[in-house]
Amino acid sequence: MENRIISLATIVLLAVALVASPVFAAAPKLSETQKAGITTNCGAIRQKLENLQRMDSKTYSYYQAIYETAATRYIKPLNLRLVDNNKSNQKLLDLQTGIATSEKNFSDDFIAYNKLLDSLKKIDCKVEPETFYEKLIEVRVSRAILKKDIEKLNELVVSAVKSAETLKGSLK
């Protein structure tokens, strides 16, 4: 029964560490119980990391498709119509530049995150639970950066789509 409680506590601890928003500068010191929990549940933890990486890759592809669709269906066609009508819209040009820059940052940050996650999966959590947890914190920080990238891109895309819809009716 006690092992089951330790197992459950460890899985909860790691799940919170992976998805919670607050970011720590350094990993907190693990108690002996937490180390034992990581060591005992290493196989389950590794499987959860595999699943997380697979889901994150799908999510990354989904967001990339959304951003590409917004650029090709709204922003680029509208900019072409603006040129054809000798009109200028600096806000839309700034949004287009912001989206391109933010999309590149998102892509670069995802690659960095994925590399960190790969390096985490290579650590033997049965042998090195503290090193594993420290790397987990790094992965968590990197994932928080991705979350901010997505939030920024979403704001830019929504703003660009609104601008496109507003201008759509005023063009020939």
Extension gain, residue 79 back to residue 107 (0.36 nm per residue minus Cα-Cα distance, nm) = 7.6 nm
Sequence order, region 54-64: Karplus ³J(HN,Hα) from phi using 6.51 cos²θ - 1.76 cosθ + 1.60, θ = phi - 60°, Hz rounded, Gly and Pro as x, gives 5, 5, 5, 5, 5, 5, 4, 4, 4, 5, 4
For residue 59 and residue 36, compute 0.36 nm times the residue count separating them, minus their Cα-Cα distance, and round to one decimal in nm.
-> 5.0 nm
Can you pull the one-decimal nm distance between simple spin-label points at residue 141 and residue 158, each 7 Å off the Cα toward Cβ?
-> 2.9
Where does region 29-172 land on Rg(C-alpha)/(2.2 N^0.38 Å)?
-> 1.47
Could you work out the equivalent-ellipsoid semi-axes for region 34-90, taking the square root of 5 times each eigenvalue of the Cα gyration tensor, largest first, in whole Å?
-> 49, 10, 4
Between residue 93 and residue 122, what is the spin-label point distance in nm, taking each point 7 Å from the Cα along the Cα→C-beta axis?
-> 4.6
Please state, as a whole number in µm²/s, the translational diffusion coefficient that the Stokes-Einstein equation yields for region 113-172 at 20 °C and 1.002 mPa s, with Rh defined as the Kirkwood radius across alpha carbon pairs.
-> 150
With respect to the cross-link table entries 104/148; 35/148; 91/152; 29/135; 76/147, which display a Cα-Cα separation exceeding 24 Å?
-> 35/148; 76/147
Towards the positive end of the charge dipole of region 48-172, with charges on Cβ (+1 Lys, Arg; -1 Asp, Glu), say which of 116, 100, 129 has the farthest Cα.
-> 100
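Any read-out appearing in this document is the output of simple, stated calculations on the displayed coordinates, not a laboratory observation. Bear in mind the structure is a predicted one, so any value in this text is a computation, not a measurement. Note: ideal-geometry Cβ built from the backbone for every residue, glycine included; neighbour counts use all protein chains shown.
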